[in-house]
Amino acid sequence: MPEIEPGDPSIRALDGLHLWHAPMSSCSQRVRIVLAETGQSYESHLVALDKDEHASAAYQAIHPDGLVPALSDDGRLFIESIDIIAHLAAHEADLAGSGDPTLLQMADAAQADLKLCTHEFLFRSRPQPSAERAAAFQKTHQNATLRQFKRDMAEGFAPERLDAAVRRVDAGFRHLDELLSDGRTYLTGAVFTINDIAWMPNVHRFDLMGWPFARTPHLSDWFDRVSQRDSYQTALVEWEPEGTAEKFAAYTQKRRAEGTDIRAYGGLGE
Ligand SMILES: N[C@@H](CCC(=O)N[C@@H](CS)C(=O)NCC(=O)O)C(=O)O
C-alpha cells in the first residue's frame, strides 16, 4: 500500500514517472532525493500549496486526501511518501535496504509533528491567508483533518500541543542518536538506504527551526555526512526558494529573543 485506483482515469495513460510535489514539502523532498540517488527521470508537476492548488477538484482527483506527493509509474498511482520511496528504490537492493521497516514507520509517524512545528515556528512568519481564501479552502478541500489543521493554525496552536509535539520529536531524534552511537555510518549500518533518506528532510527542517542538535551529537554527525551527498543539494536545498534559510533564521532569532522559539517548548531549554 498504497497504490490506489486513480480517480482521474487519464492517469492510467501516463508513461514513465510523473511526480506531483511541492518545493518545501518534506514528503516531496524524500521522494526527490530517491529519484536523484537512483538517477530516474520524471515529469515534474508542481502543486502550489501556497496557492491552494491542492484544494482543486483536479488535484483531489489524483490524490484523494489532497496532499503531496503523488506518483504515477506507467499509470500506476501511488500516494504516501514512505510507500513511494520504497517503490522507487525497489530495484536497488542496497538503497532499499532490508529488514526492519521501523525507521520508515517512525519517519511516517513523525510527519504530523514536523508539520505542526513547521507551521508554528517557520510558516507563521509568512503572510497568512485572507478570510476569503481560508473560507474557500474550507469549502473545497475534502480532507477534514487538513481543514481542521488550517483552522487551528489561524486560531493559534495550544501551547500544550506544541509542547507534546516537541517532546515526541526530541524522543525520535534521541532514538536515532542512540542507534548511531554504536559507530555505524548510516541509520541501519554501513550502507546508505531509504531509511536515511526518509529522515534527511526532518533533520533539515528542524535545523531550520534552530533545533539544538548538539544534544544528539551522533545524529548531528550523521546529518553532516548525508548532507554532503549531491542528492541533498539537488533534490532538497536547490528546490527551496532563494533566501529560505536566511529568512527563517532571522524569524527564529526574533522568536528566540521573545522566548517563543522552538527551544522554549518540550523541555528543550532545560
Ligand atoms: N503521510 C503523507 C503525508 C502527506 C502530507 O502531509 N503532505 C503535506 C506536505 S509534506 C501536504 O500536502 N500539505 C498540504 C498543506 O499543508 O496544506 C505522506 O507521507 O505522503
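Too long at a 20 Å Cα-Cα cut-off: which of K115/K247; K51/K115; K51/K254?
K51/K254
Can you tell me, using C-alpha contacts under 8 Å and at least 6 residues apart, the relative contact order of the chain as a whole percent?
24
Through the Karplus equation 6.51 cos²θ - 1.76 cosθ + 1.60, θ set to phi - 60°, convert the phi angles of the range 250-266 into ³J(HN,Hα) values in whole Hz; use x for Gly and Pro.
Rounded to whole hertz, the list is 5, 5, 4, 4, 4, 5, 5, 4, 8, x, 10, 7, 4, 6, 8, 10, x.
No lab work stands behind these numbers, since they all come straight from the coordinates. Fair warning: this is a prediction, and the values are worked out from it, not measured in the lab.
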